[in-house]
Amino acid sequence: QVQLVESGGGLVQAGGSLRLSCAASGRTSSTYHMGWFRQAPGKERDLVAAISRSGGMTVYADSVKGRSTISRDDAKNTVYLQMNSLNPEDTAVYYCAAREYSGNYYSIREYDYWGQGTQVTVSS
């Protein structure tokens, strides 16, 4: 089992950047494939980005592709989401998630563990 704690959210102006962090404890993060999801008020929780256990494969939502980067540092048991050129549509609670098996990274049901979320608010 693994516990996930997100940090790095906050209020940022449009065009700005943020780096979210997800610290894992318990079983080491290298055991898991990792993902970042987000949920805006009244909307479903959707994948933002995911990274394979080895770090060799990443996937991104079309809405963030080209301006976001997911990475992992297994020595620190931490996964990051760097987001640039933020816009108000990026406002949401961002969740870190872990899964033991590969498959459809976009499927929320296939993630086994979740953090509590961190709020990102982008002002126009």
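The values are calculated or read from the model by the stated rules, or taken from the named source; none is laboratory data. None of these values were measured; they are calculated from a predicted model. When we count neighbours, we look across all protein chains shown, and the Cβ atoms used for this are built from the backbone with ideal geometry, even at glycine. For the accessible areas, the whole protein counts, side chains as well, though only heavy atoms, and no ligand, DNA or RNA atoms are used. Shrake-Rupley method; radii C 1.70, N 1.55, O 1.52, S 1.80 Å.
Here are the numbers for this structure:
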{"quantity": "Heavy-atom accessible surface of the chain: percent carbon and sulfur, 1.4 Å", "calculated": "46"}
{"quantity": "Beta bridges per DSSP with both ends in the chain, % antiparallel, nearest 5", "calculated": "90"}
{"quantity": "In range of the label at MET57: residues from the stretch 95-109 whose backbone nitrogen is under 13 Å from the point 7 Å along Cα→Cβ", "calculated": "101-107"}
{"quantity": "Mean Cβ neighbour count within 10 Å, used as a protection proxy, ranking 71-82, 113-124, 52-63, 89-100 highest first", "calculated": "89-100, 71-82, 113-124, 52-63"}
{"quantity": "Amide hydrogen neighbours beyond the local backbone of VAL2, cut-off 5 Å, H modeled", "calculated": "ARG27"}
{"quantity": "Sequence-distant residues sharing a close amide H with THR91 (under 5 Å, placed H)", "calculated": "VAL122"}
{"quantity": "Length-normalised contact order for the chain - Cα pairs under 8 Å, 6+ apart - percent", "calculated": "35"}
{"quantity": "1.4 Å probe accessible area per residue over the chain, in Å²", "calculated": "49"}
